[in-house]
Amino acid sequence: MVWVSAPSTASAAPTASGQEYQKYYTVAQSYHGSPENLPEIAGRFLGSSDRSREIFNLNVGRPQPAGGALSDSAKLRAGWYLVLPWDARGDGVRYGQLPTTVPAPGASPTPSASSAPTSRPTGPPAAVPAPGNCAAGRSAPGNQDQWAALRLAPEHAWNYSRGKGVTVAVVDSGVDANLPALSGRVAVGTDIVSGSGRGDTDCLGSGTAMASIIAARSDSGSGAVTGVAPDATVLPVRLVTTNPQATVPDQVAAIEFAANSGAKVVVLGTYVDRTDPTVAAAIRNAGAHDAVVVTAALGSGAAPSAAPSGPPAATLLRVGAVGIDGMPALHYPASAVDVVAPGVAVAGLGISGVGPVSVTGGQYAAAFVAGEVALVRARFPHLTAAQTVHRIEATTDPVGGPAASGPDASGQPVSGRAGTGMIDPGLAVTQVLPEENRAATPQPVATRPAEPHPYRGYALVIIALLALVTVVMLILRARRAIRPDDPVLGGPTAPVTEPAGAATVGERLSQLSTSDVDETGVAGERQSAAMPVAPVVAPDEAPVEVSVGASRSGGVRRRETAAATGVPAEAEETPTG
């Protein structure tokens with residue numbers, strides 16, 4: 001079949017000399033024992049064989065250094081250089097000026113020295129200097145599609161959260177901090193490849209596109225692309241430069257740097273192989289640092305040995321990419337996807353001068369999810385990484401519709417391979433989950449039985465006696481309240497009164513003095529000096545105080561005090577003889 005169309009220049013960036021920096025691939029004699037063809041190349045580097053038409057349109061009719069030109073999509077010649085869309089990646093993809101010489105037989109398809117960029121583009125200098133061999137040219141904006149933003153509608157969440165205060169580490173090709181849409185929201189980061197340097201520059205563009213999906217702001221001039229969490233901070237961890245391959249030690253170092261830097265969200269690009277045991281351990285360690293790790297789900301085309309061993313970590317989100325029709329971009333095995341997000345022909349920002357571009361890949365679906373995680377972590381800072389993952393999964397929309405319920409391009413059923421469904425940023429920051437408000441059940445603490453105190457018996461006896469005394473006192477108080485005049489119970493005593501006709505006080509004193517005097521008129525000696533007499537109350541008299549005493553001379557002395565008049569009356573008698 002022959003496709004004929006005008007070639008696109010969306011993936012090219014012209015330099016000051018007029019030459020273009022492009023992603024390209026050198027056709028080999030065969031791939032896995034079969035002749036190479038455009039659908040196979042598109043599936044390998046772009047994630048879908050349906051995008052072979054894009055590769056055809058970029059190369060049709062262009063003369064090749066090895067002779068001939070592409071005119072039939074089914075006929076490729078070894079040694080041809082195929083220009084690829086700018087989001088292509090994988091082993092064999094190169095970036096630079098298209099070579100003009102025939103590659104040596106059996107040589108590795110790498111750009112020649114003359115094809116490496118040697119000059120900066122024209123125009124104002126960038127605020128952040130790009131390293132060597134990194135293009136930063138200018139070209140017309142590529143095609144882009146806003147269906148993903150319309151489908152997710154992240155603006156519904158912005159009244160509650162915009163991701164402020166949350167750092168999202170992007171482990172990929174770096175991030176172009178010169179873009180106005182990312183101004184002020186890209187940290188310096190680090191360059192893992194060089195071991196020292198900045199991560200806020202990008203040659204391949206994939207990291208910049210991911211960052212724009214996460215945190216771009218349309219009010220700064222980009223116009224077409226707005227991130228899911230426009231107030232979040234992007235931490236670029238540059239894992240690759242111009243060669244889209246990363247060693248396992250570099251991958252581990254990149255993840256460890258992101259986790260140790262305090263990032264609450266870590267999104268991994270396609271240069272990270274999470275099937276490697278060492279990389280998987282680094283991902284688990286990032287979760288131990290309370291970071292949510294977001295990565296693209298693995299398709300069924302991966303090698304059997306590439307399947308991760310053991311269950312996924314509770315802090316890991318595996319994202320499947322879907323298109324506008326809800327169909328997955330790849331055939332995902334059952335239980336390989338946690339959630340899905342737009343990842344086919346979605347809008348992103350290219351490196352300086354490229355503008356908005358249309359990109360496809362699982363890493364861009366992961367970027368949408370990373371933006372939602374930033375919204376949730378800013379809205380609910382008390383949630384742990386595992387609780388955040390649960391909230392993302394519990395607030396998705398089921399992927400429905402006739403297209404989503406039928407078979408995919410490979411003829412496999414879609415149902416059961418979309419995880420819990422499509423992410424929903426608005427619901428993720430507003431829905432109440434009862435399990436988050438439920439108090440944690442305290443775990444029982446094992447303790448030894450307490451040994452009895454040696455004085456425990458005595459203490460019990462004392463307590464019993466005190467209780468008995470208390471009861472008796474309460475009974476007495478109750479009886480006193482019932483019989484207040486009972487003297488036995490402490491009631492008041494009735495007053496003592498003299499009966500009618502009783503002798504007066506004076507008469508009683510006279511009788512007393514007469515009885516105490518002998519025949520000779522001499523009073524007997526009294527042993528006591530004084531005898532107090534209790535006051536007596538007569539019916540018709542006031543109380544009278546009486547005292548009787550004996551003098552040393554033997555005479556009798558009497559003293560009366562009339563309490564009623566207050567005037568003392570005294571009488572003194574002396575012996576007659």
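The values are calculated or read from the model by the stated rules, or taken from the named source; none is laboratory data. Only a predicted model underlies this, so the values are computations on that prediction, with no experimental measurement involved. SASA here: full protein model, heavy atoms, side chains in, ligands and nucleic acids out. Shrake-Rupley method; radii C 1.70, N 1.55, O 1.52, S 1.80 Å.
Below is a table of values for the structure above.
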read-out	value
Phi to ³J(HN,Hα) by Karplus 6.51 cos²θ - 1.76 cosθ + 1.60 over the range 260-270, Hz, x for Gly, Pro	6, 7, x, 5, 7, 9, 10, 10, 9, x, 6
Long-range HN-HN contacts of Leu70 with modeled amide H, under 5 Å	Gly61, Arg62
Semi-axis lengths, Å, the range 174-238, gyration tensor of Cα atoms, sqrt of 5 times eigenvalues	21, 10, 9
Karplus-derived 3J(HN,Hα), 6.51/-1.76/1.60, for each residue of the range 181-197, Hz, glycine and proline x	5, 10, 4, x, 10, 10, 6, 5, x, 8, 10, 5, 5, 7, x, 7, x
Computed over the range 147-231: relative contact order in percent, which uses C-alpha pairs under 8 Å that are six or more apart	32 percent
Rounded percent of accessible protein surface that carbon and sulfur make up, the range 266-395, 1.4 Å probe	59 percent
Placed amide H near Val322: partners under 5 Å, 5+ positions off or other chain	Ala329, Ala341, Gly343, Val344
Cα pair distances exceeding 20 angstrom across the range 247-379, given as percent	46 percent
5 angstrom amide H check on Gln22, placed H, neighbours 5+ away	Gly96, Gln97, Leu98
Within the accessible area of the range 151-201 (1.4 Å probe), percent carbon and sulfur	47 percent
